[in-house]
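The values are calculated or read from the model by the stated rules, or taken from the named source; none is laboratory data. Since this is a predicted model, take the numbers as computed values, not measurements. Cβ: placed from backbone, ideal geometry, glycine included. Neighbour counts: every protein chain shown.
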């Protein structure tokens, strides 16, 4: 069994696109390759929380150029001020197993980007944990978030999402991204995506 490792934050819209595309292709080919999504806490990396308008602009550009079917429920007014608790919950789920951890990692992103839910709200996290039958985060899970950040730096992670596969490691694969006049110009590279996927499922 191949485990695909990813370093990412929950409020990164590029990660949402990348994980959706990768899991969809995995299901199409029937590969046995669970995702281990490691925390890459951008508020610690950058020294401040993410700006909701910055994320809103990225989502607008992604919808217009790459993924018109995603981010349907995103709401700026429920955008979390922190994802540390949500990342810790995902770590708690991974303590139960790879399947549980992957499911929680995807559920948190769907809640934020497709359902407009505040994944920084303890009540929302409690509900999501119960829906998958996983325990609440503990101190060791919160500590694991910072440990993952340190490990990611040691492994050369440059941003969210950064994938580690049997064929190599890739930052935000298959998208050519430029910032022009304050907006993103995003060019999907289908050949690069196919090569990336082939490397994931060897």
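Residue 61 fails exactly one of the following numbered conditions: (1) in contact with a strand residue (DSSP E or B) (Cβ under 6 Å, 6 or more places away or on another chain); (2) in a helix (DSSP H, G or I); (3) closer than 26 Å to residue 96 by Cα. What is the number of that condition?
It fails just one condition, (3).
Quick one: which residue in 28, 5, 43 is out of contact with any helix residue (DSSP H, G or I) (no Cβ under 6 Å at 6 or more places or on another chain) and more than 19 Å from residue 193 (Cβ to Cβ)?
43
Working carefully through the options 93, 31, 86, find the one that is touching a residue at least 60 places away in the same chain (Cβ under 8 Å), assigned to a helix (DSSP H, G or I), out of contact with any strand residue (DSSP E or B) (no Cβ under 6 Å at 6 or more places or on another chain) and over 27 Å from residue 181 (Cα atoms).
86
Pick from the stretch 5-33 the residues that are at pLDDT below 95, buried (at least 16 other Cβ atoms within 10 Å of the Cβ) and over 21 Å from residue 69 (Cα atoms): which of them is nearest to the chain's Cα centre (by Cα)?
Checked the stretch 5-33; the qualifying residue nearest to the chain's Cα centre (by Cα) is 33.
In the stretch 65-81, which residue that is free of Cβ contacts under 8 Å to residues at least 60 places away in the same chain and crowded, with 16+ Cβ neighbours inside 10 Å is farthest from residue 137 (Cα to Cα)?
67
Could you please give the count of residues in the stretch 134-143 that are part of a helix (DSSP H, G or I) and either exposed (fewer than 15 other Cβ atoms within 10 Å of the Cβ) or touching a strand residue (DSSP E or B) at 6+ places or on another chain (Cβ under 7 Å) (or both)?
3
So that you can scan it fast, the table gives a plain yes or no per residue for (1) at pLDDT 95 or above; (2) farther than 22 Å from residue 31 by Cα; (3) in contact with a strand residue (DSSP E or B) (Cβ under 7 Å, 6 or more places away or on another chain); (4) outside any helix (DSSP H, G or I):
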residue: 117; (1), (2), (3), (4): yes, yes, no, yes
residue: 124; (1), (2), (3), (4): yes, yes, no, no
residue: 145; (1), (2), (3), (4): yes, yes, yes, no
residue: 152; (1), (2), (3), (4): yes, yes, yes, no
residue: 191; (1), (2), (3), (4): no, no, no, no
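For residue 184, only one of the following conditions fails: (1) in contact (Cβ under 8 Å) with a residue 24 or more places away in the chain; (2) touching a helix residue (DSSP H, G or I) at 6+ places or on another chain (Cβ under 7 Å); (3) closer than 17 Å to residue 15 by Cα; (4) outside any strand (DSSP E or B). What is its number?
Among (1) in contact (Cβ under 8 Å) with a residue 24 or more places away in the chain; (2) touching a helix residue (DSSP H, G or I) at 6+ places or on another chain (Cβ under 7 Å); (3) closer than 17 Å to residue 15 by Cα; (4) outside any strand (DSSP E or B), the lone unmet condition for residue 184 is (4).
Which of the residues belonging to the stretch 171-181 are touching a strand residue (DSSP E or B) at 6+ places or on another chain (Cβ under 9 Å) and exposed (fewer than 12 other Cβ atoms within 10 Å of the Cβ)?
Within the stretch 171-181, 176, 178, 179 qualify.
Taking the options 156, 168, name whichever one is exposed (fewer than 15 other Cβ atoms within 10 Å of the Cβ), in contact with a helix residue (DSSP H, G or I) (Cβ under 7 Å, 6 or more places away or on another chain) and closer than 21 Å to residue 40 by Cβ.
168
Quick check on this structure: which one of 52, 37, 45 is more than 25 Å from residue 101 (Cα to Cα) and either surrounded by 18 or more Cβ atoms within 10 Å (Cβ to Cβ) or modelled with pLDDT of 95 or more (or both)?
Exactly one of 52, 37, 45 is more than 25 Å from residue 101 (Cα to Cα) and either surrounded by 18 or more Cβ atoms within 10 Å (Cβ to Cβ) or modelled with pLDDT of 95 or more (or both), namely 52.
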